[in-house]
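Student: Take this structure first; my questions come after.
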Amino acid sequence: MKFDTPATTNPIDQLKVVGKPTDRIDGPLKTTGMAPYAYEQHEAAPNAAYGYVVGATIAKGTIAALDLSKAESAPGVITIVTADTVGKLDKGNFNTAKLLGGPDIQHYHQAIALVVAETFEQARSAAGMIKVRYTKARGEHDLEAIRTTATRHKDSKDSLVGDFVGAFSAAPVQLDVTYRTPDHAHAMMEPHASIASWEGDKLTLWTSNQMIDWGRGDVAKTLGVPKDNVRLISPYIGGGFGGKLFVRADAILAALGARQAKRPVKVALPRSFMFNNTPHRPATIQRIRIGASKDGKISAIGHENWSGDLAGGGPEDATQQTKFLYAGANRLITTRLAVLDLPEGNAMRAPGEAPGLMALEIAIDEMAEKLGLDPIEFRVINDTQVDPENPARPFSQRQLIKCLQSGADRFGWDKRGEPGKTRDGRWLTGMGVAAAFRNNLTMKSAARVKLDNKGVVTVETDMTDIGTGTYTIIAQTAAEMMGVVLDKVVVKLGDSSFPVSAGSGGQWGANSSTAGVYAACVKLREMVAKSQKFDPAKTSFADGKVTSGRKSIDLGKAAGVSGMVAEDFIEFGDLGKTHQQSTFGAHFVEVGVNVVTAEIRIRRMLAVCAAGRILNPKSARSQVIGAMTMGAGAALMEDLVIDKRHGFFVNHDLAGYEVPVHADIPHQEVIFLDETDPMSSPMKAKGVGELGICGVGAAIANAVYNATAVRVRHYPITLDKLLKDMPQIA
Amino acid sequence: MKSFTYERATSPAEAAAKAARTPGARFIAGGTNLLDLMKLEIETPPHLIDVNGLGLDKIEATDDGGLRIGALVRNTDLAADDRVRRDYGVLSRALLAGASGQLRNKATTAGNLLQRTRCPYFYDTGQACNKRTPGSGCSAIGGFSRQHAVVGASTACIATHPSDMAVAMRVLDAQVETVKPDGKTRRIKIADFHKLPGSTPHIETALQAGEFITAVTLPKPIGGIHVYHKIRDRASYAFALVSVAAVIQPDGTGRVALGGVAHKPWRVEKAETDLPKGAKAVMAKLMADATPTPENEFKITLVERTLSAALMDARA
Ligand SMILES: Cc1cc2nc3c(=O)[nH]c(=O)nc-3n(C[C@H](O)[C@H](O)[C@H](O)COP(=O)(O)OP(=O)(O)OC[C@H]3O[C@@H](n4cnc5c(N)ncnc54)[C@H](O)[C@@H]3O)c2cc1C
Ligand code: SF4
């Protein structure tokens, strides 16, 4: 099914199942420990040996000598995989550095060996016996120092509209500030893990991966085997946040280990490898200039962004939202990429917008203050209903102002005081607001739907559920379409033998994958109707029955003894080009800052989101509160600290890389505005999982400013950055 | 992790004797620090002696009106003890500020005193560290040092001692009771128990090879207002950037010890005579010869402000 005209009324609009807050159907399996995650597929791959990864301890250079002798003769060791044992190894399309290094080393903790042994302990112990001598090479590890060497990446487009320089210098009110966001780790709960098993030249990989088909392609490419010979299975994923969009060392090394050991091999990356071995969200430097008239109309908006990556990598484009969020006739928006010898950067929850809004939405706050305007009013004045670069393109839906204004009412925004003036005992308190914005992406997505003679509907698609609740919304979609209760739907995900889906990334998963299921169900409905000689256009599916006029039959009966199968996909036409499709929101935060110690503690958070139809308000809320929590981490503590001498992230464990704990997040509220977006898909839905993090950091930063009158422009906002400006204590 | 052998001790003296017989052997109590270090091969003991079954899990009154805390008393139980809460509030508060509920259920009194630094380079066997590998160098100097020591550091090591409990013990003038491999017992003042790094940062305490801690004693209660302020980036489950333990008497005199600033719980008795004059006066002696790095000099301001507020609270 091609989606190229706006959606009209369709069976989803009945909202009997879709749109209802629904417990996740996979919840009981997960809470009872019965859902097998990749590393736990003991039954599927019995007799697996254990692989333990050895990582390089230099940032750049070569291996001069690798001594495996002690490890090879250690108890239980079956084989050791190194660059020398595997023959020619290619690199996946989605990887920047090789997943098995040697003799060249491209980054710290790049895998250089896999020790395969009978037990995990034996493999780990032998891994410690490998002796490596390196020849170090000089590298660049400091973005700040090499920022002037940055260039435009081939995929980056400068956005130059009007005469920015002239308009900015003529503007009566100007802001010119630079913000910095550090590198971030995904820090999901389940580390990257895989079990590999070969049967002849056919490989099965149980792995933890967000994008089955990308992964399948990259495994095949890396190993030099036909894609058809690779099967990826990933039914349960303990979080990903973008860190599992791509195949990583666990999968490739498990496959190589299994080939060498001639038996299944399982590999989990140790926690410390999450930081330097797998990708991270790159740091940014962002210069923002805004020029406005005295009454607050923006005449010039400039956003220049710098990030770095390994040679061959890509930028963290923190300017994405600036292209769309506010009006302004003269615009200069650029992104530049420097070559850094650090572990590779890549997508992390709302790549681009998450760090971009951390800067832009402080700048808006700063500008509003210069203008003497309430920051919400300033945003309202500069709202736009069309793409500012291309005014012929309207937004499909844009309820930013309503998000801001209804949120303000709900939050008690009118009680916000002057910066540094509100006290609650030993705490300075303050409120902050920021706009949330994330583009709506759509991706082709296929599904197979089976109907059996008991009226049970089974959906198969290689879509993944990374903890987001995909199982449930797919079941809701199929139930709505086929007129059955949720219990009559079985959902099977995450297997490359199923039709190729959109996968989980870029918050496109929910809308695209359910739209694919919709398409398959439309086909199945037609088959069922035709089997009864019903006119499909006049056939309804409800309460487990197919009905046309006065004729009605149980769905299971209609399916016949051998059942029916339909497969289809959704693909998207030009509606994303003719209409700018985005999701919007507003974040409100109240913080307390300890007057003595400058410790910052969040008191409450509110998010108001307008993101198309909300398919399952319960799991959507979970997504948003999780994202708000992650935003709080980015604002207040998350910081991959680079050792600029040695070129690696130093705090590579969860004691050193702090993420929020429960005590940091006392109260969160999420409101979804009513919205359906007929331009997005037949589901009229968009995504929320990334929208939820967009803007949170700035709302917190603005609240800290409101509390203390101290502006911090370099994340994370930690107490040491406030301390010298805190009031004297008498 | 290296393979190791394991046995259970049947008495403190036997535990000490056994430890002396296998060089590099370690006692295992809660295991919450030791096992992590073993998994990372920062510690590679060939032999573990389990000391959990020795009945050292009691808190008893001493003849001089103090308390004797068995070495294996769990942090949770110690923090919850009525006598501790009533007479040694600073200790209970310090314990509850540390780690998490689950960890405190396992962590023991002796193990807590002996927990090792959280310096990130110490934790990365790919990096030079004099504490882990004497003579290899100190990666933290000139590296990421935000959490490191601001006083008492050396050119060999700038690590801090991460314990909260030990800071309270220091302010309370606790003593550590031990038994040596030859069966002799001794008492070590907490002031002498932890060492500064000097040129031997791998030597962290006054304990001799095989020496086993049986108890920690607290002298009789000293009254006063007990405070423990732990300052950290997140609200819970994080090591201190700095912590301030203080016992302040109604007349403004008192004691103060600091965590997160040095290789040991930091207390300078002669600085305490200035407590009635306020934090600024105390700081001069308390932080004399401080050698902060640009990344951690904020700790000095933080200590002064926290102490200042604590003194104000005590007076109020
Ligand atoms: C995630 C995490 C967070 C933490 N946060 C904090 C915190 O915020 N504040 C804080 O203070 N601590 C914190 N800790 C540390 C925790 O307090 C220590 O791990 C714990 O106190 C160690 O006690 P244990 O009994 O488990 O020691 P073990 O790990 O069993 O032993 C530690 C050391 O003591 C030796 N030892 C044990 N008993 C004796 C004895 N009787 N005689 C001689 N030697 C002995 C062992 O041989 C070993 O070398 C944290 C730990 C973790 C893992
Ligand atoms: S500060 Fe001490 S523990 Fe840290 S690297 Fe230096 S020597 Fe090792």
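Student: Of all residues in the stretch B:112-130, which are out of contact with any Ser or Thr (no Cβ under 7 Å at 6 or more places or on another chain) and either away from ligand 2 (no atom under 16 Å from the Cβ) or not hydrophobic (A, V, I, L, M, F, W, C) (or both)?
Tutor: The answer is B:ARG116, B:ARG118, B:PRO120, B:TYR123, B:ASP124, B:THR125.
Student: Let me confirm something: among B:ALA99, B:ALA79, B:ALA107, B:ALA71, which residue is away from ligand 2 (no atom under 12 Å from the Cβ) and open to solvent by 40 Å² or more (accessible area, probe 1.4 Å)?
Tutor: Criteria check complete, one pass: B:ALA99.
Student: Please work out which residue is farthest from the chain's Cα centre (by Cα), limiting yourself to the stretch A:198-241 and to residues that are farther than 30 Å from A:GLY27 by Cβ and assigned to a loop (DSSP other than H, G, I, E, B).
Tutor: A:GLY200
Student: Here's something else I'd like to know. Mind listing whichever residues of the stretch B:199-227 are open to solvent by 20 Å² or more (accessible area, probe 1.4 Å), of a type in the set (Ser, Thr, Tyr) and not in a loop (DSSP other than H, G, I, E, B)?
Tutor: B:THR205, B:THR214
Student: Also, I was wondering about something else. Pairs under 8 Å by beta carbon, first residue within 14 Å of chain A (Cβ to nearest Cβ) and of a type outside the set (Asp, Glu) in the stretch B:106-133, partner within 8 Å of ligand 2 (Cβ to nearest atom) and open to solvent by 30 Å² or more (accessible area, probe 1.4 Å), six or more apart or different chains?
Tutor: B:TYR121/B:ALA128; B:TYR121/B:CYS138; B:PHE122/B:ARG132; B:THR125/B:ARG132; B:ALA128/B:CYS138; B:CYS129/B:CYS138
Student: I need every pair where a residue in the stretch A:503-519 that is within 16 Å of A:ILE693 (Cα to Cα) has its Cβ under 8 Å from the Cβ of a residue that is part of a helix (DSSP H, G or I) and not polar (S, T, N, Q), sequence separation at least 6 or different chains.
Tutor: So the pair list comes out as A:GLN507/A:LEU691.
Student: Have a look at A:ARG259, A:ARG287 and point out the one that is open to solvent by 10 Å² or more (accessible area, probe 1.4 Å) and part of a helix (DSSP H, G or I).
Tutor: One residue alone meets the criteria, A:ARG259.
Student: Identify, please: which residue in the stretch B:134-176 is at the interface with chain A (Cβ under 10 Å from one of its Cβ atoms) and free of Cβ contacts under 8 Å to residues at least 60 places away in the same chain and is, among those, surrounded by the most Cβ atoms within 10 Å (Cβ to Cβ)?
Tutor: Within the stretch B:134-176, the match that is surrounded by the most Cβ atoms within 10 Å (Cβ to Cβ) is B:ALA140.
Student: Moving on. Filter the stretch A:638-660 down to residues that are small (Gly, Ala, Ser) and more than 7 Å from chain B (Cβ to nearest Cβ), then give me how many there are.
Tutor: The qualifying residues number 1.
Student: Still on this structure, I have one more. Hey, among B:VAL261, B:VAL282, B:VAL247, which residue is touching an Asp or Glu at 6+ places or on another chain (Cβ under 7 Å) and surrounded by 20 or more Cβ atoms within 10 Å (Cβ to Cβ)?
Tutor: Result: B:VAL282 is the single residue among B:VAL261, B:VAL282, B:VAL247 that is touching an Asp or Glu at 6+ places or on another chain (Cβ under 7 Å) and surrounded by 20 or more Cβ atoms within 10 Å (Cβ to Cβ).
Student: Tell me whether the stretch A:381-402 contains one or more residues that are among the hydroxyl-bearing types (Ser, Thr, Tyr) and either part of a loop (DSSP other than H, G, I, E, B) or at pLDDT below 95 (or both).
Tutor: So far as the stretch A:381-402 goes, yes, one or more of its residues are among the hydroxyl-bearing types (Ser, Thr, Tyr) and either part of a loop (DSSP other than H, G, I, E, B) or at pLDDT below 95 (or both).
Student: Looking at A:ALA220, A:ALA196, can you tell me which residue is free of Cβ contacts under 8 Å to residues at least 12 places away in the same chain, closer than 30 Å to A:ALA261 by Cβ and of a type outside the set (Asp, Glu)?
Tutor: The conditions single out A:ALA220.
Student: Among A:GLY102, A:GLY92, A:GLY19, which is away from every other protein chain (no Cβ under 14 Å), closer than 30 Å to A:LYS488 by Cα and assigned to a loop (DSSP other than H, G, I, E, B)?
Tutor: From the options A:GLY102, A:GLY92, A:GLY19, the qualifying one is A:GLY19.
Student: Among the listed residues A:ASP643, A:ASP674, identify the single one that is modelled with pLDDT of 95 or more and open to solvent by 10 Å² or more (accessible area, probe 1.4 Å).
Tutor: A:ASP674
Student: Next up: Restricting to the stretch A:555-582, what's the tally of residues that are open to solvent by less than 70 Å² (accessible area, probe 1.4 Å) and among the charged types (D, E, K, R)?
Tutor: 2
Student: For the stretch A:43-62, state whether one or more residues are part of a loop (DSSP other than H, G, I, E, B), aliphatic (A, V, I, L, M), out of contact with any Lys or Arg (no Cβ under 7 Å at 6 or more places or on another chain) and open to solvent by 30 Å² or more (accessible area, probe 1.4 Å).
Tutor: Yes - at least one qualifying residue is present in the stretch A:43-62.
Student: Related question: Could you please let me know if A:LYS70 is farther than 27 Å from A:MET211 by Cα and open to solvent by 30 Å² or more (accessible area, probe 1.4 Å)?
Tutor: Here the answer is yes, as A:LYS70 does meet what is asked.
Student: Here is a list: A:GLY420, A:GLY356. Which entry is out of contact with any Leu (no Cβ under 6 Å at 6 or more places or on another chain) and over 19 Å from A:ILE298 (Cα atoms)?
Tutor: Criteria check complete, one pass: A:GLY420.
Condition check ((1) closer than 30 Å to A:ARG138 by Cβ; (2) of a type in the set (S, T, N, Q)) across all residues:
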| site | (1), (2) |
| --- | --- |
| A:PRO28 | no, no |
| A:ALA48 | no, no |
| A:TYR52 | no, no |
| A:GLY76 | no, no |
| A:ASN95 | yes, yes |
| A:ASP104 | yes, no |
| A:HIS109 | yes, no |
| A:VAL115 | no, no |
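Student: Residues of the stretch B:201-240 being within 16 Å of ligand 2 (Cβ to nearest atom) and either within 14 Å of chain A (Cβ to nearest Cβ) or free of Cβ contacts under 8 Å to residues at least 24 places away in the same chain (or both), which ones?
Tutor: The answer is B:ILE203, B:PHE239.
Student: Can you name every one of the helices (runs of 4 or more DSSP H) wholly within the stretch B:66-167 that holds 2 or more residues which are within 16 Å of ligand 1 (Cβ to nearest atom)?
Tutor: Here the list reads B:75-80, B:89-96, B:101-106, B:109-113.
Student: Residues B:VAL73, B:VAL90: which one is closer than 18 Å to B:LYS264 by Cα and away from chain A (no Cβ under 14 Å)?
Tutor: B:VAL90
Student: Among the residues of the stretch A:346-388, how many are of a type outside the set (Lys, Arg) and under 27 Å from the mean Cα position of the chain (by Cα)?
Tutor: Residues in the stretch A:346-388 being of a type outside the set (Lys, Arg) and under 27 Å from the mean Cα position of the chain (by Cα): 25 in total.
Student: Report, by residue number, each residue of the stretch A:583-601 that is buried (at least 24 other Cβ atoms within 10 Å of the Cβ) and part of a strand (DSSP E or B).
Tutor: Within the stretch A:583-601, A:THR583, A:PHE584, A:GLY585, A:ALA586, A:HIS587, A:PHE588, A:VAL589, A:GLU590, A:VAL591, A:VAL593, A:ILE600 meet the criteria.
Student: Considering every residue within the stretch A:84-97, establish whether at least one is polar (S, T, N, Q) and open to solvent by 60 Å² or more (accessible area, probe 1.4 Å).
Tutor: Yes, the stretch A:84-97 contains a residue that is polar (S, T, N, Q) and open to solvent by 60 Å² or more (accessible area, probe 1.4 Å).
Student: How many residues are assigned to a loop (DSSP other than H, G, I, E, B) and more than 10 Å from chain B (Cβ to nearest Cβ) if we restrict to the stretch A:704-716?
Tutor: Number of matching residues: 6.
Student: Does the stretch B:1-43 hold any residues that are among the charged types (D, E, K, R) and either in a helix (DSSP H, G or I) or within 12 Å of ligand 1 (Cβ to nearest atom) (or both), and which are they?
Tutor: B:GLU14, B:LYS18, B:ARG21, B:ARG26, B:ASP36, B:LYS39, B:GLU43
Student: Which ones in the stretch B:287-316 are buried (at least 18 other Cβ atoms within 10 Å of the Cβ), more than 11 Å from chain A (Cβ to nearest Cβ) and either under 22 Å from the mean Cα position of the chain (by Cα) or in a helix (DSSP H, G or I) (or both)?
Tutor: Hits for the stretch B:287-316 are B:MET287, B:ALA290, B:PRO292, B:ALA314.
The values are calculated or read from the model by the stated rules, or taken from the named source; none is laboratory data. What you see is a predicted model, and the numbers here were worked out from it, not measured in a lab. Because the Cβ atoms are built from the backbone with ideal geometry, glycine has one as well, and the counts that use them run over all protein chains shown. These accessible areas exclude ligands, DNA and RNA; they are computed on the full protein's heavy atoms, side chains included. Shrake-Rupley method; radii C 1.70, N 1.55, O 1.52, S 1.80 Å.
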